[in-house]
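Working notes, beginning with the structure itself.
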Amino acid sequence: MDIYLLEAVIDGILLGGVLALLALGLNLIFGVIDVVWIAYADIVMCGMYAVYWLYAGFGWPLLLACAVAIAGVAALGVLVHILIIAPILSSAPINQLLATGGLLFFLQSFATLLFGTDFRNLGIRLPIIELGEIYISTARLLAFSIALIGAIALYFFLKRTFIGTAIRAIAQDRDIVGLMGVDQRRIYIATSAIGGALAGLASCLLVLQYDVHPFIGNTFGPLIFMICVLGGLGDMIGGFVAAFIISQIISIVGYYSNTELAYVLAFALFIALMFVRPRGIFVR
Amino acid sequence: MNARHATLLAGLAILLCLPYFTPTYFLHLLIQVLIWSFIFTAWSMMGRFGFVSLGHGAFMGVGAYVPALLWNYYDVTPWAGIPLGVMLSALLALVIGYPCFRFRVVGHYFALVTLALSQVVMLSIVAARDITGGSLGFTPRAAGHSWYALQFPEKSYFYFIALVLWLGGLAVWGWIDRGIGREALDAISEDEEAASAIGIDVMREKLRVTVISAALTALGGAIYGQYFMYLNPETVSGISVSLQIVFAAIVGGMYDMLGPTVGALVTISLNEGLRVGFGTHFIGAANTIYGILLILCIIFMPRGIVGTLQTMNMPRSPTKPVPTE
């Protein structure tokens, strides 16, 4: 096997970890609240700016900056739910999707207004690991491992805690859960906070690898929706697997030709799969 | 009825006389408003029935790039290139629409599939950078004042072209509105299963309105390209222009004939006013305010400006419910 191809495959796996984390957050919100946050990737962008300013701007330690950014993005998630989603919870789902689309415009242009369109990076260069002839970026390996830990933590949270159980129950049947004495409003807010926190965690991992700019959400935002839908909106394990399939396609096709073509192929495959398996590839 | 006809005629007369005493800058704005109104109207032809497409950037991109590429590389006149682009767009709509409707891809899923389509077209244009110039954009070869090339340095020519285009768009809207298909589509948007149970050919009705909407959007894109003489994958295709189309139509009101036009008027004058007001010091200020307005509009008046005004005027008129899914 070609050594560079192997490198591309490994790169794809590492990229898949972060995408899977983002898909998990979006899926959680969709499964529980039944809303697609079109602006999810732009909320990640806010987190990346938060880490950037706290670390590079104010000189805070990186870990503290990340912790504050995660908390901040979680709070932003709650705010989005209370201000935008809650008032229109009973209207057509497509209206909710479009309202968060308005949020996308707002966040992108507000970031442009505050920070300009410059590309900014933390200025941290993590070492490259050499494994024989293969080079692996530490930043990506770190991002992959933390994303996995985050996903596992979420799994146990949903399985072992009361709120987690209530969240899973509400995703299954939102009418009955109310009769069981669970307060829907509080569960929705908790879900938005967790979805936000996952976006915050992803933003800390992404800011180590990529420059942040106001429109960075446009590059991976559509990708996350594809992953969620491919895995079946609301199906977390499906989304997790789909993240790796998509990231492999992008990585391998990108290796043989160019990145844009890889994305074209990923989106085209998504469209085709939607016709074959409209409710997700893993739905029985 | 006579009073209404008189108002319509007076309005038309004013529109026809406008280029003779309007400063060039305002004429430029008016042309933009007319072209975008046409595109927003085309989108609303589907949107009003609850088929929310986020893929109209794809149709606009195909419509804009095909005639421009043919003109530059093969000297094909836009008179042939534009119909070809429109036809390709209609074909694209058919290829995407048929399986979508066949497999009941609706609501969120339809929005996301069409979103992927607009990304496919945009990224293909960027990927073919040797031919299209990629992200740097593409400039059709200038030919001065020429009917053959459909290029006119004088703005008044394009004003009339855009005016005819816009009136044509409204005429198509009226044709769909009066036709039997409209009742069928209303029924489909309420309940697809029930509509098909009473004998409506759901597939045919949906495909027809989708193809018309896509073809008109492509035509709008082509005229946009001919007027601006500069195409950029980000401004004529992809997620941002798709969302821009959807939002303007919603703000104006997608259930009424003049709603999308009001949407274009409001969004373009807002954008232009804020740009002139803030200057270049506050890049992004315009869209920040725009974004907030959008969210407020969707929360507080889902029927848009025109729809809300109408319900206020006629409080007891039966209002059409917001489509579910």
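Among A:L230, B:T7, A:T165, which residue has its Cα furthest toward the positive end of the charge dipole of the protein assembly as shown, with +1 on Lys/Arg Cβ and -1 on Asp/Glu Cβ? Going by the charge dipole, the pick is B:T7. Maximal additional length on extending the A:I82-A:L148 stretch stands at 20.8 nm, based on 0.36 nm per residue less the C-alpha distance.
Summing charges over neighbours of A:I88, with a neighbour being any other residue whose Cβ is under 14 Å away from its Cβ, gives 0 when K and R count +1 and D and E count -1.
Taking every residue in A:225-232 and counting other chain Cβ atoms within 10 Å of its Cβ, the average works out to 2.
For B:I212, the shell of other residues with beta-carbons less than 12 Å away shows a net charge of +1, using +1 for Lys and Arg and -1 for Asp and Glu.
Helical content of chain A, expressed as a calculated mean residue ellipticity at 222 nm, amounts to -24500 deg cm²/dmol (DSSP H runs of 4 or more residues, -39,500 (n - 2.57) each, divided by residue number, nearest 500). Applying the Karplus relation 6.51 cos²θ - 1.76 cosθ + 1.60 with θ = phi - 60° to segment B:188-198 yields 3J(HN,Hα) values of 5, 5, 7, 7, 5, 4, 4, 4, 6, 5, 8 Hz, where x marks Gly and Pro. Each residue in B:L258, B:L12, A:L206 was given a count of other beta-carbon atoms within 10 angstrom of its own, and listing them fewest first yields B:L12, B:L258, A:L206.
Neighbour counts of other Cβ atoms within 10 Å put B:M45, B:M87, A:M45 in the fewest-to-most order B:M87, B:M45, A:M45. Rounded, prolate or oblate: pick one for segment B:1-111, where a ≥ b ≥ c are the square roots of the eigenvalues of its C-alpha gyration tensor, a/c under 1.5 means rounded, and failing that, prolate if a/b is larger than b/c, else oblate. Oblate, because a/c is 1.5 or more while a/b does not exceed b/c. Between B:N313 and B:T7, the distance separating the two model label sites (each 7 Å from Cα on the Cα→Cβ line) works out to 0.6 nm. Take each residue in B:124-130, count the other chain C-beta atoms within 10 Å of its C-beta, and the mean is 4.
Let me know the shape class of segment A:39-186, please: from the alpha-carbon gyration tensor, a ≥ b ≥ c as square roots of the eigenvalues, rounded when a/c is under 1.5, otherwise prolate if a/b is greater than b/c, or oblate. Because a/c hits 1.5 or more and a/b fails to exceed b/c, segment A:39-186 counts as oblate. Using the Cβ-Cβ distance between B:Y148 and A:F119 with R0 = 51 Å, the FRET efficiency computed as 1/(1 + (r/R0)^6) comes to roughly 0.70. Evaluating 6.51 cos²θ - 1.76 cosθ + 1.60 at θ = phi - 60° for every residue in segment A:106-111, the Karplus couplings come out as 4, 5, 4, 7, 5, 5 Hz, glycine and proline recorded as x. Given +1 at the Cβ of Lys and Arg, -1 at the Cβ of Asp and Glu and no other charges, the dipole of segment A:125-179 around its Cα centre is 180 debye to the nearest 20. Averaging the Cα positions of each part gives two centres, and for segment A:50-87 and segment B:158-215 these lie 45 Å apart. The modelled label-to-label distance for the pair A:D211/B:T139, using points 7 Å beyond Cα in the direction of Cβ, is 2.5 nm. Taking other C-beta atoms within 10 Å as the exposure proxy, A:T112, B:T311, B:T7, B:T41 rank B:T7, B:T311, A:T112, B:T41 from fewest upward.
Every number in this text was worked out from the coordinates using simple rules, so none of it is lab data. These numbers were taken from a predicted model, which means no experiment stands behind them. Cβ atoms come from the backbone with ideal geometry, glycine included; neighbour counts cover every protein chain shown.
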